[in-house]
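*Asks:* This structure is in structure tokens; I'll ask about it shortly.
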Amino acid sequence: MQATRVGDLTVHPLFDGTAIMNQGDWTGSDWTDHQHLVDPDGHVRLPVGGFLVHLGDHLVLLDAGVGEVHTEMYEGGEMLRSLAALGHQPGDIDTIVVSHLHSDHMGWLENDGQIVFVNATVHVAAADWQHFVHDLGDGRRRANRLLAIQSQVQLIDGDDVTILPGLTTRATPGHTPGHTSMVLSSGHERLIVLGDAMHCPAQLTETEWEFLYDVDPALAGTTRRRLLQEAEAPGTALLPCHFPGMQAARLVPAEGTKRWVLG
Ligand SMILES: [Zn+2]
């Protein structure tokens, strides 16, 4: 998988595994024009993982994969090997931001009750902590996994919070109540790391499709369309977590109009 450049920064995909989705998971979808995204067995397979970036002296992880999971929906377990392939151990990471607390974005934060990234502060939106830990939004087991890492968690309260120079947060609610994107800036370029504000490239143009696992689908749609508009600004690219090859998407001029390209 190829890294994404933003100004002087290099954002490395950390592949963890695969999510196996159904076409019907996108409600209102018609895949006729998007058959290249559908496997011969009718499933839509999405990569799962996170992204690694050096910011000054900091080593930063954006989203934390699904972990050692083998279910009908997820096949995971590669992230630490992906990290090692880049020459790093879990203890090297000092800063983590997770877009939200679904299992495929917090999976490696906790493994068998143990903290994996022992030297990291984990930034997570207060609204997601409330939803998943206190309100048991995905059940008691998820809440317990999150409580196991509570000592390293720092809650993000509000919008446009600076995590480190060059890394700010953006409230992008809908997929979950506290869903948060991360904005990396370098020079005149910006990369908006989207988490699950968008799940597959068809949604770049099919702006009315909804996603079955959005907690608030209408709000998720509004957020998605706002992000697509924002990506029209020069020097701006979007990096969703689950696009093919974990690639970024950007709008480029094409024959008097603009079109989306990946990579
Ligand atoms: Zn996800």
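The values are calculated or read from the model by the stated rules, or taken from the named source; none is laboratory data. Model, not experiment: these values are computed from the prediction. All Cβ positions, even for glycine, are placed from backbone atoms using ideal geometry, and neighbour counts span all protein chains on display. Areas reflect the complete protein model, heavy atoms only, side chains present, ligands, DNA and RNA absent. Shrake-Rupley method; radii C 1.70, N 1.55, O 1.52, S 1.80 Å.
*Asks:* Quick check: is even one residue across the range 80-95 within 16 Å of the ligand (Cβ to nearest atom) and at pLDDT 95 or above?
*Replies:* Checked against the condition, which is being within 16 Å of the ligand (Cβ to nearest atom) and at pLDDT 95 or above, the range 80-95 yields no hits at all.
*Asks:* Note down all Cβ pairs under 9 Å where the first residue falls in the range 211-238 and is among the aliphatic types (A, V, I, L, M), the second is away from the ligand (no atom under 16 Å from the Cβ) and part of a helix (DSSP H, G or I), and they're at least six residues apart or on different chains.
*Replies:* 212/24; 228/204; 231/204; 238/204; 238/228; 238/230
*Asks:* Hey, among the residues in the range 112-124 that are away from the ligand (no atom under 16 Å from the Cβ), of a type in the set (Val, Ile, Thr) and outside any loop (DSSP other than H, G, I, E, B), which one's surrounded by the fewest Cβ atoms within 10 Å (Cβ to Cβ)?
*Replies:* Among those that are away from the ligand (no atom under 16 Å from the Cβ), of a type in the set (Val, Ile, Thr) and outside any loop (DSSP other than H, G, I, E, B), it is 121.
*Asks:* Now a separate question. So how many residues does the range 64-79 have that are surrounded by fewer than 20 Cβ atoms within 10 Å (Cβ to Cβ) and within 13 Å of the ligand (Cβ to nearest atom)?
*Replies:* 2
*Asks:* Looking only at the range 229-257, how many residues end up being open to solvent by less than 40 Å² (accessible area, probe 1.4 Å), under 22 Å from residue 49 (Cβ atoms) and not hydrophobic (A, V, I, L, M, F, W, C)?
*Replies:* Total satisfying the criteria: 3.
*Asks:* Condition first: in a strand (DSSP E or B) and open to solvent by 70 Å² or more (accessible area, probe 1.4 Å). Now tell me which residues in the range 1-52 satisfy that.
*Replies:* 5, 22, 45 - these are the residues of the range 1-52 that are in a strand (DSSP E or B) and open to solvent by 70 Å² or more (accessible area, probe 1.4 Å).
*Asks:* Separate question: Mind checking which residues of the range 53-111 are farther than 22 Å from residue 156 by Cβ and either charged (D, E, K, R) or part of a strand (DSSP E or B) (or both)?
*Replies:* 68, 70, 72, 74, 75, 78, 81, 92, 111 - these are the residues of the range 53-111 that are farther than 22 Å from residue 156 by Cβ and either charged (D, E, K, R) or part of a strand (DSSP E or B) (or both).
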